[in-house]
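Peer 1: Mind having a look at this structure? Questions to follow.
Bear in mind these aren't lab numbers, they're just calculated from the coordinates by the rules spelled out. Computed from a predicted model, the values in this text were never measured in an experiment. When we count neighbours, we look across all protein chains shown, and the Cβ atoms used for this are built from the backbone with ideal geometry, even at glycine.
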Amino acid sequence: MANPRERAREIAQGVLANVERVIIGKHETTELALIAILSGGHVLIEDVPGVGKTVLAKSLAISLGCSFKRVQFTPDLLPSDIIGVNLFNQRTGEFEFRPGPVLAQVVLADEVNRGTPKTQSALLEAMEEGQITVDGVTHTLPKPFLVLATQNPLEHEGTFSLPEAQRDRFLLRIHLGYPALDAEMAIMESQRLRHPIEDLQPISSPEELLDLQQEVRETYVDDMIKRYIALIVDATRTHPAVYVGASPRGALALYRASQARALLQGRDYILPDDVKTLVPYALAHRLILNPTARMQDLSVQEVLQQTVQSVPVPGAAPQSQPRG
């Protein structure tokens, strides 16, 4: 009988393979989205329209057996449209809470940057605290609770940039990009008769996902790796091109995502390569460059590459910690 670690990896790889029946040719991006989910974090999917952002979110929700709700953000969307509202019931003479779409296990916030700052902030408490407050009454969100938000990075008319506080609450920011030629041909063939998502079946459950998230947290992290993560994050704060560096939440995101990647790779410990691979996705959206860097056309990705290169890699791989 497989031990819990092997069973967890088997379920996670099964979810990944199931999603890739729909999202063709995007293994790395799909894996990153699953890493964020296994870490218990939220995902910001930033890309042009039509590349499969919504389909990715829905495929993950179906594969994990989670309830799914989609919110289309528009300038006239109100906070109550997201979190819910108390309505007076004339029959009972009492107010009743009508929950909004945020009370689902997987919530897709589509084109989140089209909502006003007031509406965007309605997600903050939910994303960070796992609860919402309506008319002074607190409602606990279901577990697991995950927000997958999408935004178009090119079109800015009628949009409101996400504030730093909200961007910082996303564990990873990922991009799908256009498919390769062969993958695009495979996509056309897969949808010749019907969309493959219509035949997608859950292969896990919310309870198993919670177990997977707990298994991720038990992944051993050597002190050398913790120091490596801390040094990378600290280097973003002292880089001459950076106005605001990564927060401690960014360090935790890199730490937790590295644990999840190790699980998917079949290890019960983190390697420096896990950290280096995830730096662009865990930290890029948390940095603000100074005006000089922007005038020099220096990108955040280039700054992070310089930052990682400046930090010495731990000299020895961490050893597995006995499970007990």
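Peer 1: Considering only C-alpha atoms, what is the centroid distance from the range 206-222 to the range 272-286, in Å?
Peer 2: Measuring centre to centre over Cα atoms gives 20 Å.
Peer 1: Top mean-square fluctuation among Met224, Met188, Met295, Gaussian network model of the chain, C-alpha springs under 10 Å?
Peer 2: Evaluated over the chain, the most mobile residue of the options is Met295.
Peer 1: Here are some pairs, Lys69/Lys276; Lys58/Lys143; Lys26/Lys118; which of them have Cα atoms lying more than 28 Å apart in this structure?
Peer 2: Details: Lys69/Lys276 33 Å; Lys58/Lys143 17 Å; Lys26/Lys118 34 Å.
Pairs exceeding 28 Å: Lys69/Lys276; Lys26/Lys118.
Peer 1: Pairs of Cα atoms under 8 Å, at least six residues apart: use those to get the relative contact order of the range 231-324, whole percent. Walk me through the numbers on the way to the answer.
Peer 2: Numbers: 97 pairs, mean separation 33.8, N = 94.
For the range 231-324, the relative contact order is 36 percent.
Peer 1: What does the highest-first list of 280-292, 118-130 look like by mean Cβ count within 10 Å?
Peer 2: 280-292, 118-130
Peer 1: Something else: May I have the pair-distance distribution P(r) for the chain, computed from all Cα-Cα distances with 10 Å bins from 0 and rounded to whole percent?
Peer 2: 6, 24, 32, 26, 10, 2, 0, 0
Peer 1: Cut-off 10 angstrom, C-alpha nodes, Gaussian network model of the chain. Which of Val134, Val275, Val216 fluctuates the most?
Peer 2: Judging by the Gaussian network model, the answer is Val134.
Peer 1: Using r as the Cβ-Cβ distance of Glu6 and Met224, and R0 as 22 Å, what FRET efficiency do you calculate, to the nearest 0.05? Don't skip to the answer; put the middle values down first.
Peer 2: Numbers: r = 26 Å, r/R0 = 1.18.
Working from the Cβ atoms, E equals 0.25.
Peer 1: Another one. Counting pairs of alpha carbon atoms under 8 Å apart in space and at least six apart in sequence, what relative contact order in percent does the range 68-186 give?
Peer 2: Details: 177 pairs, mean separation 31.7, N = 119.
Relative contact order for the range 68-186 comes out at 27 percent.
Peer 1: Search the structure for amide H atoms under 5 Å from the amide H of Val242, placed 1.01 Å from N in the peptide plane, and list their residues when 5 or more places away or on another chain.
Peer 2: Asn290
Peer 1: Can you give the % of DSSP beta bridges in the chain that are antiparallel, to the nearest 5? The partial results should precede the final answer.
Peer 2: Numbers: 12 of 30 bridges.
Looking only at bridges with both residues in the chain, the antiparallel portion is about 40 percent.
Peer 1: Please list, in order along the range 197-203, the HN-Hα scalar couplings obtained from phi with the Karplus expression 6.51 cos²θ - 1.76 cosθ + 1.60 (θ = phi - 60°), rounded to whole Hz, x for Gly and Pro.
Peer 2: 5, 5, 9, 6, 10, x, 10
Peer 1: How far apart, in nm, are the 7 Å Cα→Cβ label points at Asn290 and Glu128?
Peer 2: 2.7 nm
Peer 1: In nanometres, what is the gap between the two model label sites at Arg70 and Asp135, each 7 Å from Cα along Cα-to-Cβ?
Peer 2: 3.1 nm
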